[in-house]
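Participant: One structure coming up, written as C-alpha cells, with questions to follow.
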Amino acid sequence: MDIFGIPIQALMGQLLIGLINGSFYAILSLGLAIIFGLLNIINFAHGALYMMGAFVSWIGLTYLGINYWVALIASPVVVGCLGMLIERTMLKHLYRLDHLYGLLLTFGLALIIEGLFRYQFGISGASYPVPELLSGGFNLGFMFLPKYRAWVVLVSLVVCFGSWFIIERTKLGSYLRAGTENPQLLQAFGINVPLMITLTYGFGVGLAAFAGVLAAPVFQVNPVMGSNLIIVVFAVVVIGGMGSIMGSIVTGVGLGLVEGLTKVFYPEASSVVIFVIMGIVLLLRPAGLFGRER
Amino acid sequence: MNGKLVGWIALIAIGLVAPLVLYPVLLMKILCFALFACAFNLLLGYTGLLSFGHAAFLGSAGYVCGYAVQSLGLSPELGILAGTAVAAALGFVFGSLAIRRAGIYFAMITLALAQLVYFLALQFPFTGGEDGMQGIPRGRLLGMIDLGDTMNMYYFVLAIFLFGFWVVDRAIHSPFGQVLKAIRENEPRAVSLGYDVEKYKLLAFVLSAALSGLAGATKALVFQLASLTDVHWHMSGEIVLMTLLGGMGTVFGPIAGAAIVVGLQNYGAELGQWVTVLTGVIFVICVLAFRRGIFGELAVLIRRSGIRI
C-alpha cells in the first residue's frame, strides 16, 4: 500500500519516530518554559541534565541493579535535587542581574557536567535494555509498533498534560503564575517565594531527567546525547514562543512529526527543517506561534 | 600620555617581538581568536547584544576562503575578502531576523540560526563533511610574498589583526559607537532621542559578523584547514567566555581573554576532557564572582587607587 508513492510502513515508521522525538522535544521545552517563566533563566544545562537522567538510571541498573521502574522515579528525584542545589548555591545570586548571566552560568555548568561524564564514560556510549514488561510489540497489520515506543509517547503526553493541568488549573499553579507576574506581591501574601523558585527549578530539571530515563532504552546512553538535542529544543522554544506552557507541548510534538515527515519525503532536509521553520515563523510572528510580545 | 596610546604601542611591540619567544603558529591562533573576540565584544560589550551564534561567521568564512583559494585558485588576499564578504552577508540575514527580539530571545535565535549553518556545512558537498576541508594552500600574498613561510604568514596575520582591531577601536570611539552604548544602557531612551535603533543594531551586527569572518578566513589559511569545529555551537560559547574573561566592554580585554583561553587549550591538551571541565569552571567563576573580567577589574582597581593614566 502506498501513499504519495511512499510505502505506508516507511511513512508510519517515520511518523512514529517523529512522534517519539516530538515527545522528547515537548517534555524538554516544557521544562525550559517552566524554569524560564519563574526564574527568567534559559537553562542551558537542560541538555546536560537530560543526559544525566539517562546516565543515573544506567548507572543504577549496571552497578546497583536498580530496575527501570524505580529509576523512572529515582533519577528525576536525584537530578532534581542536584538542580535545587545548583539553584540555591549559584543561580539565586543572578536574579538581580541581566538575564544573560543565567544563560552563561548554565552554559558553564553544561560544559562541566558534560566534561565530567565524558571523562568517566568516554563518548562511545552504552545501551540500556528495554524493560521486560514493555519488550515486544503489536502488529497493527500495516506496521509493527514496539511496545516501548508506544509507552514513551503515552507517558510523555500524560506527564506534559499533567504539568499543564497543575500550572493552569490548580491553586499551586496559580501561585506559580502569580510568581512570574509579581514575586514581591506574592511574598507579601505570605508565600515563600524563594522556596517556590527552588522547587520549580528542581521540577523543571526533574522533567529533563525524566525524559532522559525514557530516552535511555531508545537511544544510546552517551555524554553528548543532550548537547545535540538541546539546540533543536531551543529552536522549538523559539518557534512556540516562551510565554505559553501549552505552546511548548503542542509545538514540540508538532515539530517532531514535521521532522519525521521530512525524513520520508526529503531526507536531506530533515536536520534543518526545524531551523527553516524557525526562520519563517520569526519573519511572520517574531514572538513565536503561541508567544505574547513582552 | 593617554592610556589607549600606551596600549596600542604595547600591543604592536608585543606583536612584533612575540614570535621570537613563543611558537608563531600558536601566536597566529591567538591573534585570530583575539580578532574574533574583539569583533564579538563590539556586539556584546558595546551594544549589549549577546549573540550565541557567532561561530557561524567564523566557520562559514573559513569554508568560503578555503574553497576560493583551493578550488577557484584565487590569491590569499582575495580568498580572505571573499570569506569576509560572505560572513557579512550572512550577518545581514541573521541580524535582520534576530534583532526583532531582545535579550535571551536574541541569543537563542542566533544560536538556532548558527546551528542551521552547522547542518548545512555538514551536508554541502564542498565542505568535506566530517573531515572538513584540508590542505588549503596559503599561496603568495599579492603574488610576491610566500605565505608558506611561517614568519611571513605571522606578520601577515598580525597586520590583519591590527587592521581589524583598529576598525573596532574606531567604531567604538566614533559617534556611531556612542549611539551603540546609548542603546546598551537604555534602549527606550535611545529610541526617544530619535535614533533608528534597529538600523544601528543591524549595522553593529553586520560589522561584527564581517570581522568575525575576517578572523575565520585568516584562520583557515593559517591552519590550511576549515572544519566543523569552527561552526559548532561550542565555538560560539568559547568566544563568549574569552570576552567575558578578558572583560566585556573593554578595548583590550578580549585580546587577553583569547590569549588565556587559547593558551589553556593548547597547553592543557594532554588533560583531555578536563579542559572542557576547566573551561566550564572558569565560566561559572566569571559569572558568579568576576563579571567585569580581567581588564574590567583592573580598571576598577586603578580608578580606586587614584592613579590617572
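We did not get these values from a lab; they are worked out from the coordinates using the rules stated. Given the structure is predicted, the values throughout are model-derived calculations rather than measurements. Note that we place each Cβ from the backbone using ideal geometry, even for glycine, and neighbour counts take in every protein chain shown.
Participant: Suppose each label sits 7 Å from its Cα in the direction of the beta carbon; what would the residue A:192-residue A:97 distance come out to in nanometres?
Facilitator: 2.7 nm
Participant: Another one. Give me the inter-chain shielding for B:118-125: mean count of other chain Cβ atoms within 10 Å, whole number please.
Facilitator: Per-residue shielding by partner chains comes out at 3.
Participant: Given a Förster radius of 22 Å and the C-beta distance between residue A:276 and residue B:102 as r, what FRET efficiency does 1/(1 + (r/R0)^6) yield to the nearest 0.05? If you can, show how the numbers build up before the last one.
Facilitator: On the way: r = 23 Å, r/R0 = 1.06.
Calculated value: 0.40.
Participant: Also: For chain A, calculate the relative contact order in percent as a whole number, restricting contacts to Cα pairs under 8 Å that are 6 or more residues apart.
Facilitator: 37 percent
Participant: Given R₀ = 56 Å, what would the calculated FRET efficiency be for residue B:298 paired with residue A:175, taking r from the Cβ atoms and rounding to 0.05?
Facilitator: The calculated FRET efficiency here is 0.80.
Participant: Compute the convex hull volume of the Cα atoms of chain A, divide it by the residue count, and report the result per residue in Å³ as a whole number. Don't skip to the end; give the middle numbers.
Facilitator: Details: hull volume 41.6 nm³, N = 294.
For chain A, the hull spanned by Cα atoms encloses 141 Å³ per residue.
Participant: Right, another one. Roughly speaking, what is the stretch gain from residue B:163 to residue B:124, that is 0.36 nm per residue apart minus the C-alpha to C-alpha distance, in nm to one decimal?
Facilitator: Values: separation 39, 0.36 × 39 = 14.04 nm, distance 3.20 nm.
Full extension of this stretch gives 10.8 nm more.
Participant: Using packing as a proxy for protection, rank B:194-205, A:127-138 so that the peptide with the highest average count of other Cβ atoms within 10 Å comes first.
Facilitator: So the order, starting with the most tightly packed, is B:194-205, A:127-138.
Participant: Treat each spin label as a single point 7 Å out from the Cα along the C-beta direction, and report the residue A:88 to residue B:25 distance in nm.
Facilitator: Calculated label separation equals 5.0 nm.
Participant: Taking amide H positions as placed in the peptide plane 1.01 Å from N, state which residues far from residue B:268 in sequence (5 or more) or on other chains have amide H under 5 Å from it.
Facilitator: none
Participant: Now for a separate question. Just to verify a number: FRET efficiency for residue A:284 and residue B:85, C-beta to C-beta distance, R0 = 41 Å, to 0.05?
Facilitator: It comes to 0.90.
Participant: Follow-up. Per residue of B:268-276, how many C-beta atoms from partner chains lie within 10 Å of its own C-beta, taken as a mean? List each step's numbers first, then the result.
Facilitator: Details: counts 0, 0, 0, 1, 3, 10, 4, 2, 9.
Mean shielding count: 3.
Participant: Rounded to a whole number of µm²/s, how large is the Stokes-Einstein D of the range A:1-156 at 25 °C and 0.890 mPa s, given Rh as the Kirkwood radius over C-alpha pairs?
Facilitator: Answer, rounded: 136 µm²/s.
Participant: OK, next. May I ask for the net charge around residue B:119, where only other residues with Cβ less than 13 Å from the Cβ of residue B:119 are counted and Lys, Arg are +1 while Asp, Glu are -1?
Facilitator: Local net charge: -3.
Participant: For the protein assembly as shown, what number of Lys pairs, 8 or more residues apart or on separate chains, have alpha-carbon atoms under 24 Å from each other?
Facilitator: 5
Participant: Right, here's the next one. Using just the helices of the protein assembly as shown, give the 222 nm mean residue ellipticity in deg cm²/dmol: DSSP H runs with n ≥ 4 each add -39,500 (n - 2.57), and the total is spread over all residues, rounded to 500. Numbers along the way, then the final one.
Facilitator: Values: 24 runs with 430 residues, N = 603.
Value at 222 nm, helices only, nearest 500: -24000 deg cm²/dmol.
Participant: At 0.36 nm per residue, and after removing the present C-alpha to C-alpha distance, how many nm does the segment from residue A:121 to residue A:67 gain when stretched out fully? Each step should come with its number before you reach the end.
Facilitator: Numbers: separation 54, 0.36 × 54 = 19.44 nm, distance 2.05 nm.
Going from the current span to full extension adds 17.4 nm.
Participant: Using θ = phi - 60° and the Karplus form 6.51 cos²θ - 1.76 cosθ + 1.60, what ³J(HN,Hα) does each residue of the range B:203-218 get, whole Hz, x for Gly and Pro?
Facilitator: So the J values, rounded to whole Hz, are 4, 4, 5, 5, 4, 5, 5, 5, 5, 4, x, 4, 4, x, 5, 4.
Participant: Now a separate question. How many nm is it between the label spots at residue B:151 and residue B:196, if each spot is 7 Å from the Cα in line with the beta carbon?
Facilitator: 5.1 nm
Participant: I would also like to ask the following. Between the range A:83-113 and the range A:42-78, what's the alpha-carbon centroid distance in Å?
Facilitator: 21 Å
Participant: For the range A:224-232, what does the Karplus curve 6.51 cos²θ - 1.76 cosθ + 1.60, with θ = phi - 60°, yield as ³J(HN,Hα) per residue in whole Hz, taken in order and with x for Gly and Pro?
Facilitator: Result, ordered by residue: 9, 4, x, 5, 6, 7, 5, 5, 4 Hz.
Participant: Inside 10 Å of the C-beta atoms of A:274-282, what's the mean count of C-beta atoms belonging to other chains?
Facilitator: The mean count of partner-chain Cβ atoms within 10 Å per residue comes to 4.
Participant: Shifting gears a bit: For residue B:2 and residue B:264 in one chain, what is 0.36 nm times their gap in residues minus the Cα-Cα distance, to one decimal in nm?
Facilitator: Between residue B:2 and residue B:264, full extension yields an extra 91.1 nm.
Participant: Roughly speaking, what % of Cα-Cα pairs in chain B are separated by over 34 Å, rounded to a whole number?
Facilitator: Here the long-distance tail beyond 34 Å is 18 percent of all Cα pairs in chain B.
Participant: How are the C-alpha pair distances of the range A:184-294 spread across 5 Å bins, as whole percents from the shortest bin up?
Facilitator: 2, 10, 14, 18, 18, 15, 10, 6, 3, 2, 1, 0
Participant: Can you tell me the alpha carbon radius of gyration of the protein assembly as shown divided by the globular rule-of-thumb value 2.2 N^0.38 Å? Please list the in-between numbers first.
Facilitator: Details: Rg = 24.9 Å, N = 603, 2.2 N^0.38 = 25.1 Å.
Taking N as the residue count of the protein assembly as shown, the ratio is 0.99.
Participant: Right, another one. Decide, for the range B:22-87, between rounded, prolate and oblate: order the square roots of the alpha carbon gyration tensor eigenvalues as a ≥ b ≥ c, take rounded if a/c falls under 1.5, and otherwise choose prolate if a/b is larger than b/c, else oblate.
Facilitator: In terms of gyration-tensor shape, oblate.
Participant: Could you compute the net charge surrounding residue B:86? Neighbours are other residues with a C-beta less than 15 Å from the C-beta of residue B:86; K and R count +1, D and E count -1.
Facilitator: Around residue B:86, the charge tally is 0.
Participant: For the range B:134-226, what class follows from the C-alpha gyration tensor (a ≥ b ≥ c being the square roots of its eigenvalues): rounded when a/c is under 1.5, otherwise prolate if a/b is larger than b/c, else oblate?
Facilitator: On the way: a/c = 4.36, a/b = 2.89, b/c = 1.51.
The shape class here is prolate.
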